[in-house]
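Comments concern the structure below.
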Amino acid sequence: MPRECRDRKTQHISTFNNQQTFETSEKEEVQYTEDVHQASKITTTDDTEKAGGDLSVRSFEGTPEERAYVRKLNYFIMPLVGGIIFVQFCDKAALSVAPVLGLNADLQLTGTQFSVLGSMFYLGHLIYQIPNQFILQRVPHAKYLSVLLLFWGVVMALTGACQTFGQVAAMRFLLGLFEAAAMPTLYMITATLYRRTEQPVLFGYITLCNGVGAAIGASISYGFAHMNNARGIENWRWGHICFGSLTVALGVVSWFCLVDKPDHPLLRLTETEKQIAKDRTRDNAVVKNKIFKYDQMWEAVKEPRYWYIMIGGLCISLQNGGMLVFSTTFVLGLGFTGEQSLLLQIPSGMASALGVFIAVLLAQKTKQMLYSSMFMLSIGIIGLIILLAIPDGAIKLLGFYLSWAGTGSYALVVTIIGNNVKGYTKKIFYNSSIMIAYTVGNFCGPLMMADVQAPRYLGGVGGFLGGFAVAFICVYLVRVQGARVNNQRLANKSGEETDVYLDLTDKEDKNFIYRL
């Protein structure tokens, strides 16, 4: 082991022995980590003798016992995570269908003001990312996310009471502020609970729920369009009130039921399952650490890979932001009625979900995440070219739907972070940074759809096309660099196993092999 890593190992062991810094956000988390750290020193117990060896060092990957443990995790994780992503998407996307439901006419909004409303959400999103990096490392993730759900649900409902452009803009800003931590928190929860081999499906599931949210949300919005201003309340206000109330209810459920650590009391683990949790923690290389390590953050900033991923994520998100806010308006410009444009958002959402499904399936079958991401970008590029090249007609819908293939590409880019960034602070920093890139892209996307470009919005669509091309190059460069490092490490592989509880980064751990 290099001298630098030996020194760091001694430093981290000393820190652990003297300060007990690992898993200190809750009392039981401290005890769990102390038990896990000592696991390698356990020799024999009654349980391990029955199992035919020491469970503390045995790999449970793929065993029936582990599959039972994963089913427990999925029972608590999948429904709630899917629900959170669903309401998050419906809440932020409510603005896109609001013009058809009467928002612009009711508040007398201009096209420019509507674009500003679309961007205000992402301004709040952007501002909160920096403090979120520090908060996320110091608080219980499930409780933190639950409180944010309550806050943004209240803001969403109050938006339905707004009477002016300024009031709606303020509410959109606060909505973005409180939603900002949702995705980074969910990424950390899944990265903590699931093996690296399982994470592509999990991260894909998170992104896929956005597409499902778009489809179901459009169906619900179609129902709002037929409420005929019930009880004297405009249809667009009903949408905000109903989705806001649903978000508050989900926040309460998440407070009590969302699992965020491998030995959560709700899982009611057996002794064998506790050992499985420890084995999985060693594999996914994520150990919660309350100390914010600035050296890991600066290490990330100095990596070319970091900038490739952030630029790529930003460029993919331009299309997402622009098309999401203007989706209904854009389809209206193709000659469809208001109600038809709402219904046509359903296949739009399903196209996004299908893109994620294909991307994840392709990555699983080929074991090539980054090449699969590039393939999905290629499909999106074809769709944007169709939108630019064809003046009018229903065929443009095909291009519109194909352009959502970029969502699948983005899902795999996020998965690359979960799989290949090691070091707790560094992983949080990467996750927060990709959310900043996502936010900036979504903030700029609606502004690129200038009112004077209607109905074809050639400038905006051309910008999205250029963004996909830049992202394609960035994803390719990430793969080239990762493959080069893997070849070097495989050629000089040491026989010494790395202790995951030292919290080394992927750069410091020379045994760490990137998944590309």
Checking residue 230 against (1) in contact with a helix residue (DSSP H, G or I) (Cβ under 9 Å, 6 or more places away or on another chain); (2) farther than 30 Å from residue 408 by Cα; (3) at pLDDT 90 or above, the condition it does not meet: (3)
If you scan the stretch 385-421, which residues turn out to be on the phi < 0 side of the Ramachandran plot, in a loop (DSSP other than H, G, I, E, B) and either hydroxyl-bearing (Ser, Thr, Tyr) or surrounded by fewer than 23 Cβ atoms within 10 Å (Cβ to Cβ) (or both)? 390, 391, 392, 394
Quick one: how many residues across the stretch 259-273 are without any contact (Cβ under 8 Å) to a residue 12 or more places away in the chain and either within 29 Å of residue 506 (Cα to Cα) or under 25 Å from the mean Cα position of the chain (by Cα) (or both)? 0
Restricting to the stretch 189-211, give me the number of residues that are more than 18 Å from residue 373 (Cβ to Cβ), of a type outside the set (A, V, I, L, M) and in contact with a Leu (Cβ under 8 Å, 6 or more places away or on another chain). 2
Would you check if there is a residue in the stretch 229-252 being within 24 Å of the chain's Cα centre (by Cα), of a type in the set (Phe, Trp, Tyr) and closer than 22 Å to residue 95 by Cα? yes
If you check every pair at least six apart or on different chains, which have Cβ atoms under 8 Å apart with a residue in the stretch 191-209 that is farther than 19 Å from residue 83 by Cα and part of a helix (DSSP H, G or I) first and a residue that is of a type in the set (Lys, Arg) and modelled with pLDDT under 75 second? 192/288
Looking only at the stretch 497-507, decide whether some residue is part of a loop (DSSP other than H, G, I, E, B), within 23 Å of residue 411 (Cβ to Cβ) and in contact (Cβ under 8 Å) with a residue 24 or more places away in the chain. yes
Which one of 247, 272 is under 18 Å from residue 153 (Cα atoms) and assigned to a helix (DSSP H, G or I)? 247
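Going through 94, 51, 68 one at a time, which residue ends up being at pLDDT 75 or above, out of contact with any strand residue (DSSP E or B) (no Cβ under 9 Å at 6 or more places or on another chain), of a type in the set (A, V, I, L, M) and surrounded by fewer than 20 Cβ atoms within 10 Å (Cβ to Cβ)?
Working: 94 fails: surrounded by fewer than 20 Cβ atoms within 10 Å (Cβ to Cβ); 51 fails: at pLDDT 75 or above.
On inspection, the qualifying residue turns out to be 68.
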By residue number, the members of the stretch 114-160 that are under 25 Å from residue 83 (Cβ atoms) and not in a helix (DSSP H, G or I) are 139, 140, 160
Residue check, residue 179 surrounded by fewer than 21 Cβ atoms within 10 Å (Cβ to Cβ) and among the acidic types (Asp, Glu): no
Would it be correct to say that residue 356 is closer than 30 Å to residue 450 by Cβ, part of a helix (DSSP H, G or I), under 22 Å from the mean Cα position of the chain (by Cα) and at pLDDT 80 or above? yes
Restricting the stretch 59-92 to residues that are of a type in the set (Gly, Ala, Ser) and not in a helix (DSSP H, G or I), which is farthest from residue 154 (Cα to Cα)? 59
Yes or no: the stretch 453-463 includes at least one residue that is buried (at least 24 other Cβ atoms within 10 Å of the Cβ) and within 24 Å of the chain's Cα centre (by Cα). no
Given the conditions (1) surrounded by 18 or more Cβ atoms within 10 Å (Cβ to Cβ); (2) closer than 20 Å to residue 463 by Cβ; (3) among the aliphatic types (A, V, I, L, M); (4) at pLDDT 90 or above, report the number of the one that residue 334 does not fulfil. (4)
Whichever residue in the stretch 210-242 is in contact (Cβ under 8 Å) with a residue 24 or more places away in the chain and among the charged types (D, E, K, R) and, among such residues, is nearest to residue 356 (Cα to Cα): 237
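The values are calculated or read from the model by the stated rules, or taken from the named source; none is laboratory data. All of these numbers come straight from a predicted model, not from anything done at the bench. Positions of Cβ are generated from backbone atoms using ideal geometry, with glycine treated the same way; all protein chains shown enter the neighbour counts.
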